[in-house]
1. Taking the chain as a Gaussian network, Cα atoms linked when under 10 Å apart, which of Leu247, Leu197, Leu39 shows the biggest mean-square fluctuation?
2. Hey, what do the phi angles of region 188-197 turn into as Karplus ³J(HN,Hα) couplings, whole Hz, using 6.51/-1.76/1.60 and θ = phi - 60°, x for Gly and Pro?
3. Tally up the carbon and sulfur contribution to the accessible surface of region 164-226 as a whole percent, 1.4 Å probe, everything protein left in place.
4. Counting only residues 5 or more places away or on other chains, whose amide H sits under 5 Å from the amide H of Ala229 once H atoms are built in the peptide plane?
5. Do you know the Lys pair count in the chain for C-alpha distances under 24 Å, with sequence separation 8 or more or different chains?
6. Which listed residue (Ala160, Ile145, Ala174) has the Cα farthest towards the positive end of the charge dipole for region 113-189, taking +1 on Lys and Arg C-beta and -1 on Asp and Glu C-beta about the Cα centre?
7. Can you work out ³J(HN,Hα) from phi for every residue in region 207-224, in order, using Karplus 6.51 cos²θ - 1.76 cosθ + 1.60 and θ = phi - 60°, giving whole Hz and x for Gly and Pro?
8. Just Phe149, Phe73, Phe237 to compare: in a GNM of the chain, with alpha carbon springs under 10 Å, which one fluctuates most?
Amino acid sequence: MEKNCERGEACMFATGSLGNVGFDGVAEAFLAAFEDYGLQLDRDKLRAMLTRRGADLNLSAGAFDGNGRLVSFIVNGIGLYGGVKTAYDTGTGTIKSCRGLGLTDRIFSSWIDVLREAGVKQYLLEVLTDNAPAVKIYTRQGFEITRGFNCYSSSGLCAAPHAVEGLKIVETSAGQIAELQRFNDFEPSWQNSVESLARAAGNVDCLVALIDGEPVGFGVTESRYGDIAQIAVAPEFRRRGIGTALLHELMGLNKASEARVVNVDASCSSLNAFLVARGFNLTCTQHEMLKKL
């Protein structure tokens, strides 16, 4: 089957919705496309990721070979971003034997009108800053860089904080986290937004820091995978050890081999400096890119 996709073959590919493929078919293609990237991804983690990011297979598309096999795909999340109906690239990939054939370009070009007809007003994605070929492709397709993100990881536990008088850290709901977004210094990225956290409510742990019963900070982690989605402290309560206490509690819930904080706005000096001071290492940087439809 794969020889039909080799360069020089008279291969014909059809593009179409992933709605009829279903999760199992998408998972097979997704895992095959990324098997040589060294990603620690399995079906359970993929399902959790697609759920949190709002994947809508009916508004996602792929390329199929002559035998009907899905060989390339763009899985779109659909939701609100900045109050605007948005499609978000939750994952784009092509199986190794079919790369270099322009399939991603074909899928994207053939699907823009479908997204427009569904009321989508903009398309959002993230791309590694050192992936120059991908940045060039997206720029050619009309995307513009909107901001930069830093991604961090730590394999150790944050040092125990000093006692903060009157501080209590307790579990809370994703709903309360949504009410405390005023503590954030920047708008969270798509997968860390309150909408994404609500979609993943059954898989995330939400903590709120209280002093005299009043919220002064919060944190959210998808502890099964070590992903710290949000952490913030009210500006007037910073530099007292509350953020360190929250981070220590979040990392204590971690069931993965390392803790990760992805998509910290590169312009946010406070959170970037805080993470570095707490032993987190910069692992990669990304561009957020947006195209108006």
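The values are calculated or read from the model by the stated rules, or taken from the named source; none is laboratory data. The shown structure was predicted, so the numbers you read here are calculated from the model rather than taken from an experiment. A quick note on method: Cβ atoms are made from the backbone with ideal geometry, for glycine too, and the neighbour counts reach across all protein chains shown. For accessibility, only protein heavy atoms count, side chains too; no ligands or nucleic acids. Shrake-Rupley method; radii C 1.70, N 1.55, O 1.52, S 1.80 Å.
1. Leu39
2. After applying 6.51 cos²θ - 1.76 cosθ + 1.60, I find x, 5, 3, 6, 9, 6, 5, 5, 5, 5 Hz.
3. Here it works out to 44 percent.
4. The list, which skips near neighbours in sequence, is Val220, Thr221, Glu222.
5. Lysine pairs meeting the criterion: 13.
6. It is Ile145, whose Cα lies furthest towards the positive end.
7. Once rounded to whole Hz, the list reads 10, 10, 9, 10, 10, 6, x, 9, x, 10, x, 7, x, 9, 9, 8, 5, 4.
8. With Cα springs under 10 Å in the chain, the top fluctuation among Phe149, Phe73, Phe237 is at Phe237.
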